[in-house]
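Here's the structure, in structure tokens; my notes come after.
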Amino acid sequence: MRKVDISTLKDNVVDLIGKQWMLITAGSMVGYNTMTASWGTMGYLWGKPVAFIFIRPQRYTLDFVEKEDCFTLSFFGERYRSALNLCGSKSGREIDKAAAAGITPFEPSQGCVSFKEARLVMKCRKLYVGRLQEESFVNKDLLDKWYPSRDLHKMFVAAIEEVWEE
Ligand SMILES: Cc1cc2nc3c(=O)[nH]c(=O)nc-3n(C[C@H](O)[C@H](O)[C@H](O)COP(=O)(O)O)c2cc1C
């Protein structure tokens, strides 16, 4: 993988996150967790390129993202779809997901973990965290549709500090 400037990326963000999906990973090689995500966005805020990610309270990955200053977003080619399905349906509380999915953890930079099979990796540093608020939904239908048990996501806004591409 080689380090690239984020402005050189050609990916369409809606397709990249919403259709290709990503792994959100936080922790170190001593202890980390990863999960699949297809909700989120990227853009420009507070003078920096940023990513917004959304994690439900019951995810084990949330413990790691809350504890650490940084996390990674990892994107894969289509042949890793089954690996992403596994990381999005099993919890790191129960199994070693990387071993089960056949992906290899490594540290692209100190204090963060990604996977050797990824085609695109972003190291993100947390800037802002907040839980979505029930009263802030303008469209209340979304609440019943997506949160029947009111497990509203935590939203993290993070600066995209480093990017590596295959
Ligand atoms: C395609 C796909 C997209 C997902 N997107 C999200 C997401 O954006 N936010 C979230 O909280 N969970 C999302 N999930 C669910 C988590 O990946 C799933 O619950 C996972 O097993 C959590 O693992 P953990 O307990 O080890 O953190 C998604 C699952 C799949 C299959």
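Here, each number is a calculation from the coordinates, and none is a lab measurement. Keep in mind that what you see is a predicted model, and the values were worked out from it rather than measured. Neighbour counts run over all protein chains shown; Cβ positions are idealised from the backbone, glycine included.
For segment 97-134, which residues satisfy the criterion of being over 22 Å from Lys3 (Cα atoms), within 16 Å of the ligand (Cβ to nearest atom) and part of a loop (DSSP other than H, G, I, E, B)?
Result: Leu132, single match.
Step by step: first the residues of segment 117-131, then only those that are in contact with a Leu (Cβ under 8 Å, 6 or more places away or on another chain) and surrounded by 15 or more Cβ atoms within 10 Å (Cβ to Cβ), then the one that is nearest to Ile55 (Cα to Cα). Which residue is that?
Cys124
All but one of (1) out of contact with any Cys (no Cβ under 6 Å at 6 or more places or on another chain); (2) near the ligand (Cβ under 9 Å from one of its atoms) hold for Thr25, so report the exception by its number.
(2)
If we scan segment 76-93, do we find a residue that is part of a loop (DSSP other than H, G, I, E, B), more than 8 Å from the ligand (Cβ to nearest atom), among the small types (Gly, Ala, Ser) and under 15 Å from Ile160 (Cα atoms)?
no
Just to be sure I understand, how many residues within segment 39-61 are assigned to a strand (DSSP E or B), among the aromatic types (Phe, Trp, Tyr) and either away from the ligand (no atom under 14 Å from the Cβ) or under 14 Å from Glu161 (Cβ atoms) (or both)?
First, the residues of segment 39-61 that are assigned to a strand (DSSP E or B): 40-45, 48-55.
Now drop any that are not among the aromatic types (Phe, Trp, Tyr), which leaves 44, 52, 54.
Remaining after also requiring either away from the ligand (no atom under 14 Å from the Cβ) or under 14 Å from Glu161 (Cβ atoms) (or both): 44.
So the answer is 1.
For every residue, the table says whether it meets (1) in contact with a helix residue (DSSP H, G or I) (Cβ under 6 Å, 6 or more places away or on another chain); (2) over 19 Å from Val30 (Cα atoms); (3) without any contact (Cβ under 8 Å) to a residue 24 or more places away in the chain; (4) surrounded by 13 or more Cβ atoms within 10 Å (Cβ to Cβ).
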| residue | (1), (2), (3), (4) |
| --- | --- |
| Ala83 | yes, yes, no, yes |
| Phe115 | no, no, no, yes |
| Gln133 | no, yes, yes, no |
| Ser136 | no, yes, yes, no |
